[in-house]
Amino acid sequence: MELCEITATELSRMLRKKEVSSVEITNSVLRRMEERERELNAFITVTGGIALRQAAIADRALQATKGMPSLAGIPMAIKDNICTRGIRTTCASRMLEGYVPAYDATVVRRLRKAMTVLMGKTNLDEFGMGSSTENSAFGHTRNPINKDYVAGGSSGGSAAAVAAGEAVFAIGTDTGGSIRLPAAFCGLVGMKPTYGRISRYGIVAYASSLDQVGCLTRSVEDCAMVMESLCGHDKRDSTSAPLASPQLVENLQTGVKGIKIGLPAEYFVKGLDPSIERSVMNAVSIIRSSGAEIKQISLPHTPYAVSCYYLIATAEAGSNLARYDGVKYGYRADESCKDIASMYEETRSRGFGKEVKRRIMLGTYVLSSGYYDAYYAKAQKVRTLIREDFEKAFREVDCILTPVSPTPPFKIGERIDDPLAMYLADIYTVALNLAGLPGITLPCGKADGLPLGFQIIGRAFDEATILRVGYVYEKNSGS
Ligand code: GLN
């Protein structure tokens, strides 16, 4: 196995024992990028020079100091909708093509403090809008397991990078499934924490009441380790919960005896691919034999989740993206414009891609007077019902197990002209964002050589339990 393919946990142990240096690991990742990046297009910006400098600094610190952060010297990648000081942050949009932030997002600051090594900024669906990383102004990302297939989205570049060995772990964002879907499509562990668990300061807003930062990793232990370094209160984000970072790695060993896990009837219905149902049920039986109790539950408002999500997400997106007017940020079309109104119009027509325009139009429509009550206000009511479904379920069970995607990874180009088919990829992931709950996805086998995944949903701020269940599954499934 090459260094670039090893887990962060194992590399961290090797670094501490001086069996390897961070510069060696980084060089292994850079070699892999040379072999595969042209084909995969996982990155929008590669920061090889920065990476080698950071790796050398980490090596010196690891030599000199005991008790270094566990992620010190580990190469990672960051989704390109997360602000990095001095490194362009494009959101995969023409609109922000040349935008270089003057500050770091809080998560970036935390990763710098942990002395991680930045390999680059990863590709995504423009502003996070999509499920396949095909809606990028910088070209689509390919799935490293089979390059004819999508890597999922919108954090598809982050997923492809980790799966291909172009980063050891990656940071993504998840508004309706954008970490969990690509993690499942690329055979990785992906976590979206509770809303408020990780600071959103410096994350380019898509739908602010749904957006969360999280990570894509090669193992559950890696996920716990990365989460620990990202979590914790941040006074710069008013929605950040006033809680210290939880002890997640330590808690992994606790086992699952006595834990009650619910299987929602509404998630195992017509439309779920039989290969996914089989592998998810296989994961259920592994977890059951490890000592957990499995119960059937109901989340009755599930069928409304996708419609509810696409009303709220587009309404918020329409408002958030109003700031890109050619005046304050990024791209401006000013050559042929005779007045300010035509400058706005030209800037937005040329700067945004097709899907982003579709979302802005939908969002403007659902917020317009006359339709506000019928769509936006109604969706907010349905959101409350969805949250209440989970509250009721969590009186009976400690976590909930579901599929991640109704189908295995799909081919590049297959759904790009059919927005509804694309939106349906999110059917099992969006309810969590609407309810603000944490979810983790884990790989559970393959169909025709392509990875499949399942999801474990937890109570608010109880990432520890879903990680524990995931850890037991990973150990006992031999993956
Ligand atoms: N696919 C969903 C959307 O397009 C979710 C995207 C995300 O989580 N950023 O809105």
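Read the figures in this text as sums done on the coordinates, not as results from a lab. These figures come from a predicted structure and were not determined experimentally. Neighbour counts are summed over all protein chains in view; Cβ atoms, including those assigned to glycine, are modelled from backbone coordinates with ideal geometry.
Based on the reciprocal of the average 1/r between different C-alpha atoms, the Kirkwood radius for region 54-169 equals 14.8 Å. Packing order of peptides 297-308, 72-83, 425-436, highest average first: 72-83, 425-436, 297-308 (average count of other Cβ atoms within 10 Å over each peptide's residues). Positive contributions from Lys and Arg (+1) and negative ones from Asp and Glu (-1), summed over other residues with Cβ under 12 Å from the Cβ of residue 138, come out at -2. Over the chain, the fraction of Cα-Cα pairs per 20 Å bin, rounded to whole percents and listed from the shortest bin up, is 26, 59, 14, 0.
For region 199-251 versus region 336-404, the inter-centroid distance based on Cα atoms is 23 Å.
What does the charge dipole of region 3-146 about its Cα centre add up to, to the nearest 20 debye, if the Cβ of each Lys and Arg holds +1 and the Cβ of each Asp and Glu holds -1? Don't skip to the end; give the middle numbers.
Values: 21 positive and 15 negative charges, 150 e Å.
Its charge dipole is roughly 720 debye.
Taken about its Cα centre, the chain carries a charge dipole of about 900 debye when Lys and Arg each add +1 at the Cβ and Asp and Glu each add -1 at the Cβ. Shape index of region 158-268: Rg/Rh, with Rg the Cα radius of gyration and Rh the Kirkwood radius from the inverse mean 1/r over Cα pairs, equals 0.98.
Here the ratio of the Cα radius of gyration of region 226-332 to 2.2 N^0.38 Å is 1.62. Taking amide H atoms as placed 1.01 Å from N in the peptide plane, the amide H of residue 454 lies under 5 Å from those of 442, 444, each 5 or more residues away in sequence or on another chain.
Derived from the Cα gyration tensor, the three semi-axes of the equivalent ellipsoid of region 81-126 are 20, 11, 8 Å, largest first. In straight-distance terms, cross-link reach from residue 17 covers every one of the lysines whose alpha-carbon lies under 20 Å from its own, apart from those fewer than eight places away in the same chain; here that gives 66.
Once the Kirkwood radius over Cα pairs is known for region 282-368, the Stokes-Einstein relation at 10 °C and 1.306 mPa s delivers a diffusion coefficient of 96 µm²/s.
In plain terms, the bigger the Kirkwood radius, the slower the diffusion; for region 103-186, with that radius from Cα pairs, at 25 °C and 0.890 mPa s, Stokes-Einstein puts D at 193 µm²/s.
Coupling constants for region 45-59 follow from the phi torsions by the Karplus curve (6.51 cos²θ - 1.76 cosθ + 1.60, θ = phi - 60°), and in residue order they are 9, 9, 10, x, x, 4, 4, 5, 5, 5, 5, 5, 5, 4, 4 Hz; glycine and proline get x. Applying D = kT/(6 pi eta Rh) to region 1-80, where Rh is the Kirkwood radius over alpha-carbon pairs, T corresponds to 4 °C and eta to 1.567 mPa s, the Stokes-Einstein value obtained is 99 µm²/s.
Computed over the chain, the per-residue total of -39500 (n - 2.57) for DSSP H runs of n ≥ 4 gives a 222 nm mean residue ellipticity of -12000 deg cm²/dmol, rounded to 500. For the peptides 255-263, 468-476, the ranking by packing is 468-476, 255-263, with the highest mean count of neighbouring Cβ atoms within 10 Å listed first. Using θ = phi - 60° in the Karplus curve 6.51 cos²θ - 1.76 cosθ + 1.60, the 3J(HN,Hα) couplings for region 417-433 round to 9, 10, x, 5, 4, 5, 5, 5, 4, 8, 4, 9, 10, 6, 4, 4, 5 Hz; x is entered for Gly and Pro. Charge dipole (Cα centre; +1 on Lys/Arg Cβ, -1 on Asp/Glu Cβ; no other charges) of region 335-479 amounts to roughly 60 debye.
Below 8 Å between Cα atoms, with a sequence gap of 6+, how large is the relative contact order for region 1-108 in percent?
Details: 110 pairs, mean separation 24.5, N = 108.
Normalised by residue count, the contact order of region 1-108 is 23 percent.
For the chain, what is the relative contact order in percent, using Cα pairs closer than 8 Å and at least 6 residues apart in sequence? About 17 percent, as a whole number. Among residues other than residue 112 with Cβ under 15 Å from its Cβ, the summed charge is +4 (Lys and Arg +1, Asp and Glu -1).
What the phi angles of region 127-134 give under the Karplus curve with 6.51, -1.76 and 1.60, with θ = phi - 60°, is a coupling list of 6, x, 9, x, 10, 9, 6, 9 Hz, glycine and proline written as x.
Distances between placed amide hydrogens fall under 5 Å for residue 260 paired with 293, 398, 399, all partners being 5 or more residues away or on another chain.
Report the net charge of residues surrounding residue 187, where surrounding means a beta-carbon distance below 12 angstrom and charges are Lys +1, Arg +1, Asp -1, Glu -1. Around residue 187, the charge tally is +2. For region 36-114, place one equal point scatterer on every Cα, skip the solvent, and apply the Debye formula. What is log10 of I(q)/I(0) at q = 0.12, 0.27 Å⁻¹? The Debye formula, applied to the Cα set alone, gives -0.41, -1.34.
The alpha-carbon of residue 257 sits under 16 angstrom from the alpha-carbons of these lysines, leaving out residues fewer than 8 places away in its chain: 295, 475. Summary of packing: across the peptides 139-145, 353-359, the per-residue average of other C-beta atoms within 10 Å ranks them, highest first, as 139-145, 353-359.
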